[in-house]
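Asker: Sharing a structure, written as structure tokens. Questions coming.
The values are calculated or read from the model by the stated rules, or taken from the named source; none is laboratory data. Computed from a predicted structure; not experimentally measured. All Cβ positions, glycine included, derive from the backbone under ideal geometry; neighbour counts span all protein chains shown.
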Amino acid sequence: MTTIEVTEETIRQTRELRDEFQKFLREYEFGMREVETKISILRDEFTHDHEYNPIEHVKSRLKTPDSIVEKIARKGIEEPDFDRIREEITDIAGVRVTCSFVADVYRLFDLLTQQDDITVRVVKDYIASPKPNGYKSLHAIIDVPVFLSTGPLLVPVEVQFRTIAMDFWASLEHKIYYKFANQVPSHLVQSLSDAADAASELDSRMERLHREAHGEPLRQLAPPPPPHVVEV
Ligand code: 0O2
């Protein structure tokens, strides 16, 4: 049996690492909260001033330590330290905004990313270019400033914008891949792809229906969006 000598020094170092890791994660939590506040202000303003709420729900999450470690391994980051992880893993803080319609997805994206204090690092438009499995969503990695006692800090946050139908599909697909440990039978892969097409069709129909009933109020609310940085 191997015995490990636990010295006072080891305990001190372990505590130090734990504290540093908690501080590291807190920065992301603050960034996430800033983005949540921005989204919730947009939602409230839309609801009160335009009598329309383009957001169905918002969900936030911090990557778990296990998931961070798994991504470090997947990306082949050697000798990772906090600075390397900060540089390489940009989705430690994530906010998912589920909208009613595709037009709302782009509108919310524009309204958030055009704010003066936001810097957009990367946009992946999986709505314009869906993944081969049918996955659709608009992803943006943005830097948001957080004002700490030590001064301002730019924190990267991954924001995913999607419709309810896209969210429903992604959630089911995730569960299926988890259940089959990534070895999904081919007939299910095909069914998922068909379901993604059906979800897109539903999105188009619902949006058409909404426009027939309510006109196109969203178009008048903000200037036309600038061209998107697409990197898929
Ligand atoms: P979780 O638990 O949701 O965080 P990169 O970060 O650029 O090195 P990555 O991670 O492939 O590479 O980035 P991408 O393509 O932007 O995808 C990141 C997130 O999008 C994933 O996070 C999922 O949340 C979601 N996603 C991407 N592709 C799919 C898909 O095919 N199906 C489903 N259901 N979700 C997807 P994580 O880290 O995988 O997981």
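Asker: Can you find, within the range 88-119, the residue that is nearest to the chain's Cα centre (by Cα) among those that are of a type outside the set (Ser, Thr, Tyr), under 18 Å from LEU153 (Cα atoms) and within 12 Å of the ligand (Cβ to nearest atom)?
Answerer: The extreme case among them is GLY94.
Asker: Scan the range 23-52 residue by residue and report those that are closer than 16 Å to LEU112 by Cα and more than 20 Å from the chain's Cα centre (by Cα).
Answerer: ASP44, GLU45, PHE46
Asker: Only one of (1) away from the ligand (no atom under 16 Å from the Cβ); (2) at pLDDT 95 or above is not met by ILE142, so which one is it?
Answerer: Unmet for ILE142, out of (1) away from the ligand (no atom under 16 Å from the Cβ); (2) at pLDDT 95 or above: (1).
Asker: Could you check how many residues of the range 128-139 are surrounded by 21 or more Cβ atoms within 10 Å (Cβ to Cβ) and more than 9 Å from the ligand (Cβ to nearest atom)?
Answerer: 2
Asker: Among ILE72, ILE77, ILE85, which is the only one that is crowded, with 17+ Cβ neighbours inside 10 Å, farther than 30 Å from SER204 by Cβ and within 15 Å of the ligand (Cβ to nearest atom)?
Answerer: Only one candidate qualifies: ILE85.
Asker: Given the conditions (1) out of contact with any strand residue (DSSP E or B) (no Cβ under 9 Å at 6 or more places or on another chain); (2) within 12 Å of the ligand (Cβ to nearest atom), which single one is not true for MET166?
Answerer: Of the numbered conditions (1) out of contact with any strand residue (DSSP E or B) (no Cβ under 9 Å at 6 or more places or on another chain); (2) within 12 Å of the ligand (Cβ to nearest atom), the odd one out for MET166 is (1).
Asker: Looking at this structure, is SER149 under 30 Å from GLN190 (Cα atoms) and of a type outside the set (Phe, Trp, Tyr)?
Answerer: When the stated conditions are applied, SER149 does not pass them.
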